[in-house]
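The next block holds one structure in the form of structure tokens; read it before the comments.
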Amino acid sequence: MTPALSPEEEAHSRALTALIHERIGAAGGWIPFEQFMDLALYAPGLGYYSAGSVKLGPAGDFVTAPEVSDLFSRCVARQCAQVLGGGGGEILELGAGTGRMAAVVLETLAASGALPARYAILEVSADLAQRQRERVARLPRELGEKVVWLDRLPERPIDGVILANEVLDALPCRRFAVHAGAVRELGVSLEALPADMEGGAPTAAQQLVELDAAADSALAGACESLLSEVPAPRPAGYASEICLRVEPWIAGVADCLERGVMLLFDYGLPRAHYYHPQRTAGTLRCHFKQRVHDDPFVNIGVQDITAWVDFTRVAEAALASGLEVGGFATQAAFLLATGIENLLAEVAEPVAHARLAGEARRLLLPGEMGEAFKVMALTRECDVALEGFALQDLRQSL
């Protein structure tokens, strides 16, 4: 059971649900799941990322690695410093959360003499952008002045580093099921609620339900291609996701990188593991007030909806956009390679050390974030041997 909604959350969710009902009606009674997810997350003024709810941290719906510990951002900064050399260049962060990683990265780079000329943030959530500004305002003036906010990708390609922490998982995806060897698209329709249990009176109220339909040529072709790469019998009703927005997203961001590295942090898998026949229901997950569940049709507009990342698709999209895959590793391996143990050892005070050690365990342990989260480096004209991937190279698994 998820926590009950507040009156404000209930009103917000009803308003967005009504919009979705309207769109389904206008479409003839059915919309693809991708369109539903797009509305639930990004509908202007109503979608989860477009409205002003607290999303990150203990009071929000989920906690990201930069919120777990500044050790994460300090390790990211070390990788940035290697790419930036003695400073200069730029950093572009896509979806900067509360701004905590940006602040810690800048502080760490300042201490190592490798500050970028500019730190740009592209944020789609007005609520998070405000929190970022408040966090950056607490930085020393010379650091805060380096931060700018963008409302679109920069037209001039940068020389430096692009950071994207838990961005790809929020791209709306399409869902499909395999029945008798044929691919069917999973979408969203409306179903009348049961009659009132007390009076037995009929009701005009409707609820959102999942309903399959014939897959169009784009989805059918994409699914058949990827499933042929993972040849194995699949049980009846096998369902999963495929994100066809990865390619245009990577292409758009790749155009912003003249020279340097794009670092992607997210939970995901290589294709062979993602579409394993034993993973029968896909990877769709919803986050609401620190609870994780798999029902996207509740708490609409006030809960996050995500799907794991097919990192093989990301790598293919990168190569098609003229980038190279410079590294692929688990989060644990990346953090160990960039010196998280050394950072921990620098803290001698027992209470502070114990606190940081607990944070490090959450970032590193397989049962926490260490294995599920991966780090991928996409590079252009960068001949640096990236230290974050010195301990592990999983590129062969892609």
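The values are calculated or read from the model by the stated rules, or taken from the named source; none is laboratory data. Predicted model only: the values in this text are computed from it and were never measured. Positions of Cβ are backbone-derived with ideal geometry, glycine not excepted, and every protein chain shown enters the neighbour counts. Protein only, heavy atoms only, side chains kept; ligands, DNA and RNA dropped before computing areas. Shrake-Rupley method; radii C 1.70, N 1.55, O 1.52, S 1.80 Å.
Couple of notes before you dig in:
- Theoretical gain in end-to-end length, residue 368 to residue 191 [0.36 nm per residue, Cα-Cα removed]: 59.9 nm
- Principal axis extents of the C-alpha atoms in region 110-173 (largest first, rounded to whole Å): 41, 27, 21.
- Under the simplified labelling scheme, the residue 207-residue 14 pair shows an inter-label distance of 1.8 nm, with each label point 7 Å from Cα along Cα→Cβ.
- Split the accessible area of region 15-152 by element, probe 1.4 Å, and carbon with sulfur accounts for 52%.
- Distance from the alpha carbon centroid of region 319-373 to that of region 127-147 works out to 25 angstrom.
- Counting DSSP beta bridges with both ends in the chain, the antiparallel % (nearest 5): 65 percent
- Full-stretch length increase - residue 2, residue 124 - with 0.36 nm per residue and alpha-carbon distance subtracted: 41.3 nm
- Contact order relative to length of the chain, as percent, for alpha carbon pairs under 8 angstrom and 6 or more apart: 19 percent
- Kirkwood-based Rg to Rh ratio, region 303-398, C-alpha trace: 1.06
- Probe 1.4 Å, protein heavy atoms only - accessible area per residue of region 216-278 in square angstrom: 38 Å²
- Region 14-48-region 265-292 distance, computed between alpha-carbon centres (Å): 23 Å
- Remark: region 288-395 carries 43 Å² of accessible area per residue (probe radius 1.4 Å; ligands, DNA and RNA excluded).
- The Cα-based radius of gyration and maximum Cα-Cα distance (Dmax) for region 231-361 are 19.0, 57 Å.
- Between residue 351 and residue 230, the contour length at 0.36 nm per residue exceeds the Cα-Cα span by 38.6 nm.
- Ligands, DNA and RNA are left out, and with a 1.4 angstrom probe the accessible area of region 9-167 is 38 Å² per residue.
- Remark: accessible surface ordering of 63, 292 (largest first) is 292, 63, probe radius 1.4 Å.
- Shape parameters for the chain, alpha-carbon atoms, Rg then Dmax in Å: 22.0, 75
- Peptides 372-385, 257-270 ranked from most to least packed, by the mean per-residue count of other Cβ atoms within 10 Å: 257-270, 372-385.
- Accessible area of region 175-297 belonging to carbon and sulfur atoms, whole % at 1.4 Å probe: 54 percent
- Rh (Kirkwood; distinct C-alpha pairs) - region 113-226, Å: 19.7 Å
- Cysteines without a disulfide-compatible neighbour (Cβ-Cβ under 4.7 Å), the chain: 75, 80, 223, 256, 286, 382
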